[in-house]
1. Restricting to region 81-97, name every residue that is under 15 Å from Ala53 (Cβ atoms) and surrounded by 12 or more Cβ atoms within 10 Å (Cβ to Cβ).
2. From the set of residues in region 36-57 that are open to solvent by less than 60 Å² (accessible area, probe 1.4 Å) and touching a residue at least 24 places away in the same chain (Cβ under 8 Å), which is farthest from Ser101 (Cα to Cα)?
3. Considering each residue of region 74-95, count those that are under 16 Å from Ala14 (Cβ atoms) and part of a strand (DSSP E or B), and give that number.
4. For region 12-37, which positions are in a loop (DSSP other than H, G, I, E, B) and over 18 Å from Asp73 (Cβ atoms)?
5. Pick out the one residue from Val67, Val71 that is surrounded by 12 or more Cβ atoms within 10 Å (Cβ to Cβ), modelled with pLDDT of 95 or more, part of a helix (DSSP H, G or I) and not charged (D, E, K, R).
6. Would it be correct to say that Leu90 is modelled with pLDDT under 90 and in contact with a helix residue (DSSP H, G or I) (Cβ under 9 Å, 6 or more places away or on another chain)?
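The values are calculated or read from the model by the stated rules, or taken from the named source; none is laboratory data. Every value quoted in this text rests on a predicted model; they were computed, and no experiment measured them. Neighbour counts are summed over all protein chains in view; Cβ atoms, including those assigned to glycine, are modelled from backbone coordinates with ideal geometry. The protein model used for the area step is the full one, side chains on, heavy atoms only, and it has no ligands, DNA or RNA in it. Shrake-Rupley method; radii C 1.70, N 1.55, O 1.52, S 1.80 Å.
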Amino acid sequence: MASFPGPAAAIRAAQRLQREATGELGIRVRAGVHIGEVLERNGALRGIAVHLAARVMAKASGSEVLVSETVKDVVAGSGLRFEDRGVHELKGIDGTKRLFSVSNG
């Protein structure tokens, strides 16, 4: 789990981590990005946004950066492109959430 000053920075960090882990180590890394209020206590990140990000990541496949619709909307104009991955139920989260994969193209 990591926090960033904004969601575009988080997405780009995840993409770089994936490239380097795959290229140097042959490891497929999956990532999930969500934006929201986070509390920090004794160096640990807490709050519903943290749980939601973890659930988004759990839906990602290897070498995929998956984001919530909230993130997609917030980064509009950043040059990032997304592919709709549909509506999902996320464990422990009420309702459903639309998720998007960050496109490499």
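1. Taking region 81-97 as the starting set, the residues that turn out to be under 15 Å from Ala53 (Cβ atoms) are 88, 90-93, 97.
Once the filter is applied, which keeps residues that are under 15 Å from Ala53 (Cβ atoms) and surrounded by 12 or more Cβ atoms within 10 Å (Cβ to Cβ), region 81-97 yields His88, Leu90, Ile93, Lys97.
2. First, pick out the residues of region 36-57 that are open to solvent by less than 60 Å² (accessible area, probe 1.4 Å): 36, 44-45, 47, 49-50, 52-54, 56.
Filter again for touching a residue at least 24 places away in the same chain (Cβ under 8 Å), leaving 36, 45, 50, 52-54, 56.
Details: Gly36: 19, Leu45: 24, Val50: 19, Leu52: 16, Ala53: 14, Ala54: 15, Val56: 10 Å.
Ranking the qualifying residues of region 36-57, first place goes to Leu45.
3. Of region 74-95, the ones under 16 Å from Ala14 (Cβ atoms) are 74-75, 78-83, 85.
Filter again for part of a strand (DSSP E or B), leaving 82-83, 85.
Here the count works out to 3.
4. Quick first cut of region 12-37, residues in a loop (DSSP other than H, G, I, E, B) only: 26-30, 34-37.
Across region 12-37, the qualifying residues are Gly26, Ile27, Arg28, Val29, Arg30.
5. Values: Val67 fails: part of a helix (DSSP H, G or I).
When all the criteria are applied, what remains is Val71.
6. Values: modelled with pLDDT under 90: no; in contact with a helix residue (DSSP H, G or I) (Cβ under 9 Å, 6 or more places away or on another chain): yes.
Judged against the criteria, Leu90 is not a match.
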